[in-house]
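What follows is one structure encoded as structure tokens, with my remarks underneath.
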Amino acid sequence: MSKETKHAKEDQWFMENERVLLEQKRREREKELELYRQENEKAEREKLRLAHWQKCPKCGNDMKVEILNDIEIDRCSVCAGIFFDHGELESLLMSKQDNRFKFYRRMFGLD
């Protein structure tokens with residue numbers, strides 16, 4: 001085997017191995033970037049959640065939790081808007097008619 005052929009084979013071997021190593025590093029970097037993006041998005045969602053926690057969706061002021069007939073409602077301290085969490089309104093609507101009337105009377109301060 002001539003010296004030139006030997007060097008050509010060595011060069012080819014190094015080129016192939018470098019290509020494989022570079023591809024592995026590129027995949028590792030993409031995985032790291034994806035993890036970073038996911039963590040960053042998760043942190044942003046949590047920051048937004050905390051910024052809006054117990055805030056009125058109508059006027060943005062603080063809301064207070066009240067319990068009326070075993071149903072927890074959120075009432076705005078400024079605009080007096082009343083908001084239900086998931087399933088609370090359905091629970092109210094599915095209750096007996098007497099319970100609904102009592103709830104509405106207490107909610108509007110008629111009781």
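Only the coordinates and a few stated rules stand behind these numbers; no lab work does. This one's a predicted model, so the numbers in the text were calculated from it and none came from an experiment. In this analysis, Cβ positions are derived from the backbone assuming ideal geometry, glycine residues included, and neighbour counts consider all displayed protein chains.
For segment 82-94, the condition holds for at least one residue, the condition being that it is hydroxyl-bearing (Ser, Thr, Tyr), in a helix (DSSP H, G or I) and out of contact with any Phe, Trp or Tyr (no Cβ under 8 Å at 6 or more places or on another chain).
I'd like to know if segment 99-109 contains one or more residues that are surrounded by fewer than 10 Cβ atoms within 10 Å (Cβ to Cβ), part of a loop (DSSP other than H, G, I, E, B) and on the phi > 0 side of the Ramachandran plot. Yes; the residues of segment 99-109 include at least one that is surrounded by fewer than 10 Cβ atoms within 10 Å (Cβ to Cβ), part of a loop (DSSP other than H, G, I, E, B) and on the phi > 0 side of the Ramachandran plot.
Of everything in segment 78-98 that is among the small types (Gly, Ala, Ser) and surrounded by 13 or more Cβ atoms within 10 Å (Cβ to Cβ), the residue that is farthest from Asp62 (Cα to Cα) is Ser95. Scanning segment 62-81 for residues that are touching a Ser or Thr at 6+ places or on another chain (Cβ under 9 Å) and assigned to a loop (DSSP other than H, G, I, E, B) yields Asn69, Asp70. Considering Glu72, Glu16, Glu44, the condition of being touching a helix residue (DSSP H, G or I) at 6+ places or on another chain (Cβ under 9 Å) and surrounded by 10 or more Cβ atoms within 10 Å (Cβ to Cβ) is satisfied by Glu72 alone. The criterion of being without any contact (Cβ under 8 Å) to a residue 12 or more places away in the chain, within 23 Å of the chain's Cα centre (by Cα) and over 30 Å from Arg100 (Cβ atoms) does not hold for Arg26.
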